[in-house]
Amino acid sequence: MGIFRRRRRDDEGAGPGRPDPAAAPVVPDEALPFLGVEDAQHLRGLVRTAFAERGVEVSVHAGHVADDSGRQFGLWNVAASCHQDDRGRAAWPALVGTHVERVLASMDAPDPFADLSPEQAATRTYVRLYERDAIPRLDGFPHREFAPGLVEMLALDLPDTVAVYDDARAARLGGTDALRAHGLANLHRQPVEQLERLDLPDGGGAFQVLLGESVHTASRALLLPRLATELTGHESGRHGWLLCVPNRHQVAWHLVRDATVVPVVQAMARFAALGFGDAPGPLSPHLYWWDGGGYQQLSRLDDDGALSIVVGPEFQLVLEELTGGS
């Protein structure tokens, strides 16, 4: 398997909010690596100012800010939104202000579970994927491991955000198993916003990508392989499928059938790493393979951003069978 490095958006060419390729290389910020150090510091200043203008003093850290009560507010999502806006820095103050207002409104809002009936909960509950490392603790919250580095939890859909169920709320509103069944059914009823087939050059295979503005888009990975069959007409075989969920707005898969799995593995691994690195709601930079009983992680990112493929014995047997041992 080939080994390659993550390509940053910095080298895609000049444009609003992007450096000139002819200029000196931009040093990436350690906490917000899709921004240069200077841009990241500028963003942190904007966030601090936005909170102050709304009466909240915060201390600024590399990846978050914190108020006097200990509440922490992450910077990744707002930084990714600014990074992706083609208008450049001029648009950042408004983007940051809107983000801070939304965050503060959600913190000060009344408990969304307080007056909820089990019947109402059934229509608004979703099973949702979360990055494991982004959750300080899981004790007291219904959850399951979905794949290495990813957990599924129960979330109540609100107009502008979601609220996660704890054990007590889940018990009062029907129980974890019933709510999970409702959550999967609600995921299945989500509209398909955009489905793309990404074809590799020279007949090197293809993989499917489902994209959407919904924060539940990536969580539809929980519906595989049924999702693949319904959207493409193809059923999974005994070799399973490849999966990546870079961020909450993307889920990609490939049904493993033939030797094209080799170039597809590399393409999807790169897709996952890039999609994780510069989008709101990051989930996982890794590629996974369904082995018939669970997901195995196939990719690895080193501290310097180098991306490599790591094949276990089970997947190695699949590759040898499909490629004739070559």
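The values are calculated or read from the model by the stated rules, or taken from the named source; none is laboratory data. All values derive from a computational prediction rather than experimental measurement. Glycine also receives a Cβ, built like all others from the backbone with ideal geometry; neighbour counts cover every protein chain displayed.
Data for the structure
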item: Any hit, region 231-252, residues being closer than 16 Å to L198 by Cβ, among the polar types (S, T, N, Q) and surrounded by fewer than 18 Cβ atoms within 10 Å (Cβ to Cβ); result: yes
item: Flag if V58 is surrounded by fewer than 18 Cβ atoms within 10 Å (Cβ to Cβ), farther than 30 Å from L173 by Cα and touching a strand residue (DSSP E or B) at 6+ places or on another chain (Cβ under 7 Å); result: no
item: Qualifying residues in region 268-295 (those that are crowded, with 20+ Cβ neighbours inside 10 Å and aliphatic (A, V, I, L, M)) - the one nearest to the chain's Cα centre (by Cα); result: L283
item: Qualifying residues in region 172-211 (those that are within 19 Å of R248 (Cα to Cα) and in a loop (DSSP other than H, G, I, E, B)) - the one farthest from the chain's Cα centre (by Cα); result: R189
item: Given (1) at pLDDT 95 or above; (2) surrounded by fewer than 18 Cβ atoms within 10 Å (Cβ to Cβ), index of the condition G140 fails; result: (1)
item: Of residues in region 296-326 being among the hydroxyl-bearing types (S, T, Y) and over 21 Å from the mean Cα position of the chain (by Cα), the one farthest from E235 (Cα to Cα); result: S326
item: Total residues in region 156-170, condition under 15 Å from P118 (Cα atoms), outside any strand (DSSP E or B) and of a type in the set (A, V, I, L, M); result: 2
item: Hits in region 173-201 - residues which are under 23 Å from E119 (Cβ atoms), touching a residue at least 40 places away in the same chain (Cβ under 8 Å) and of a type outside the set (G, A, S); result: L173, L179, R180, H182, L184, N186, L187
item: Given (1) outside any helix (DSSP H, G or I); (2) under 24 Å from L287 (Cβ atoms), number of the condition D133 does not satisfy; result: (1)
